[in-house]
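Inspection log for the structure reproduced underneath, given as structure tokens.
The values are calculated or read from the model by the stated rules, or taken from the named source; none is laboratory data. Please read all numbers here as calculations on a predicted model, not as lab measurements. Cβ sites come from the backbone with ideal geometry, for glycine too, and all protein chains shown count toward neighbours.
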Amino acid sequence: MQLLNVLEWAHTAGGAEEGGGDLTVVVLPPREAMTRGQLRRMAELARDEGIAVRWEEARGGAGAPLRTVASLLGPLRRAARIVVGDPFSRYVQLLLSLARTEGAAPGGPAAPGGPGGVVVVDDGTATMEFVTQLARGERLVRWHRKGAGGARAALFAPVSASARRRMTPSARRRVEVFSSMPVEAPEHVSVTRNDFAWTRARFGPPALTGGTDLVGTSLVETGVVDPERYLEAVASLTREHGATRYFAHRRESADKLHRIAAGTGLEIVRPDLPLELVARRGPIGRTIVSFPSTVVHTLPLALAGTGVTVAVCDVDPAWLTEGASPRARGFLSGVTGTARGVRRLPSAPPAS
């Protein structure tokens, strides 16, 4: 999704004029196979758009991190602008702490390589939390994480603080957030609206099946929602809306998906691209039902004018695990409440 939104940023007028036309994307793939597959497909699309892509196996062994940092140090120092896909990633924070993000002061001489600055492209619901924490000057912590993070977080704290400073605007540093999420920018941070113009121009409109599709989430895998409550909710939504397909989140476990298929009869679909592209290419259901997640904000934009209805089912507080972070309930409610162009559904009752 981050790479898709880099393409969307490059497609905008501002992106094309101020760096989108001379852009190198560095992919730091995880070990997880599903995400790697999606990243490879997105990298192909990026290359088709004339964007240079570097595939860096930064997690490929004991010496991989050092080799990656060494190979990227020069390009990071020379870059006129740094575009960040995941400001919470420790790897990204480490690389950002090494980058030159300051350019000339307003009215002053130009710095070598052009104006300095940072663009944070959409990372879904995480973008909402990032903007809030940046405005408050807080440590960058993902919303579903509980506690201070332990000894590793303490050791990494100086690097994280350095990266946060590089994402804070100054007289010599411009900071832009490119997002489809409802965010209120801190002072001196500009927000550019991502309306998925590239996606709509490149794909579709889709053929509609006339039925209902469900969209899965990784709320169980991140320890936020109890697995049994989640399975009950999926079964209830399937029965109530006559759903036939379940689009799995890339982090959902095979065991969980097997139980969903066996218990509901849903066809499990493992998308090889972000759902926004899959839905735009079609075929897709006339109704799409999701729990609170990024897609309740992005799909109405990507599918504008197609006749598809996006509906969001609230997460009942009783579904949350004991280990869920104190912010989880309010954050999920905020994701649902701020979604535009969607139909609100109550929490799914237990399946009978």
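Here are some notes:
- Pair list, Cβ under 6 Å, 6 or more apart: the stretch 36-56 residue within 11 Å of Leu3 (Cα to Cα), other residue in a strand (DSSP E or B) and acidic (Asp, Glu): none
- The set of residues from the stretch 193-216 being in contact (Cβ under 8 Å) with a residue 24 or more places away in the chain and within 16 Å of the chain's Cα centre (by Cα) comprises Asn194, Asp195, Phe196, Thr199, Val215, Gly216.
- For the stretch 294-307, a tally of residues being small (Gly, Ala, Ser), surrounded by fewer than 24 Cβ atoms within 10 Å (Cβ to Cβ) and either closer than 21 Å to Thr244 by Cβ or in contact with an Asp or Glu (Cβ under 9 Å, 6 or more places away or on another chain) (or both) returns 2.
- Filter result for Val121 (at pLDDT 90 or above, closer than 30 Å to Val295 by Cα and in contact with a helix residue (DSSP H, G or I) (Cβ under 6 Å, 6 or more places away or on another chain)): no
Residue-wise test of (1) at pLDDT 95 or above; (2) surrounded by fewer than 21 Cβ atoms within 10 Å (Cβ to Cβ); (3) in a helix (DSSP H, G or I).
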residue: Arg200; (1), (2), (3): yes, yes, yes
residue: Gly204; (1), (2), (3): no, yes, no
residue: Ser218; (1), (2), (3): no, yes, no
residue: Thr222; (1), (2), (3): no, yes, no
residue: Glu228; (1), (2), (3): yes, yes, yes
residue: Thr238; (1), (2), (3): yes, no, yes
residue: Lys256; (1), (2), (3): yes, yes, yes
residue: Arg259; (1), (2), (3): yes, yes, yes
residue: Ala262; (1), (2), (3): yes, yes, yes
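- Whichever residue in the stretch 206-215 is modelled with pLDDT of 95 or more and part of a loop (DSSP other than H, G, I, E, B) and, among such residues, is surrounded by the most Cβ atoms within 10 Å (Cβ to Cβ): Pro206
- Qualifying residue in the stretch 68-80 (condition: assigned by TED's automatic domain parsing to the domain that holds Asp122, under 25 Å from Ser180 (Cβ atoms), crowded, with 20+ Cβ neighbours inside 10 Å and of a type in the set (S, T, N, Q)): no
- If you go through the stretch 240-252 and keep only what is under 16 Å from Gly263 (Cβ atoms) and assigned to a strand (DSSP E or B), you end up with Ala243, Thr244, Arg245, Tyr246.
- The residue list Ser180, Ser290, Ser190 contains one member that is crowded, with 16+ Cβ neighbours inside 10 Å and within 30 Å of Gly50 (Cα to Cα), which is Ser180.
To keep it simple, each residue is scored yes or no on (1) in the same structural domain as Pro182 (by TED's automatic domain parsing); (2) within 16 Å of Thr125 (Cβ to Cβ); (3) touching a strand residue (DSSP E or B) at 6+ places or on another chain (Cβ under 7 Å).
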residue: Glu267; (1), (2), (3): no, no, yes
residue: Leu277; (1), (2), (3): no, no, no
residue: Gly307; (1), (2), (3): no, no, yes
residue: Val315; (1), (2), (3): no, yes, yes
residue: Thr321; (1), (2), (3): no, no, yes
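- Residues in the stretch 271-290 that are more than 26 Å from Pro346 (Cα to Cα) and either in contact with a Cys (Cβ under 8 Å, 6 or more places away or on another chain) or in a helix (DSSP H, G or I) (or both): Leu277, Val278, Arg280, Arg281.
- In the stretch 26-35, residue surrounded by the fewest Cβ atoms within 10 Å (Cβ to Cβ) [restricted to those that are touching a helix residue (DSSP H, G or I) at 6+ places or on another chain (Cβ under 9 Å) and free of Cβ contacts under 8 Å to residues at least 40 places away in the same chain]: Pro30
- Any pair with Cβ under 9 angstrom, 6 or more apart, that starts in the stretch 313-325 at a residue that is without any contact (Cβ under 8 Å) to a residue 40 or more places away in the chain and ends at one that is basic (Lys, Arg): Asp314/Arg344; Pro317/Arg329
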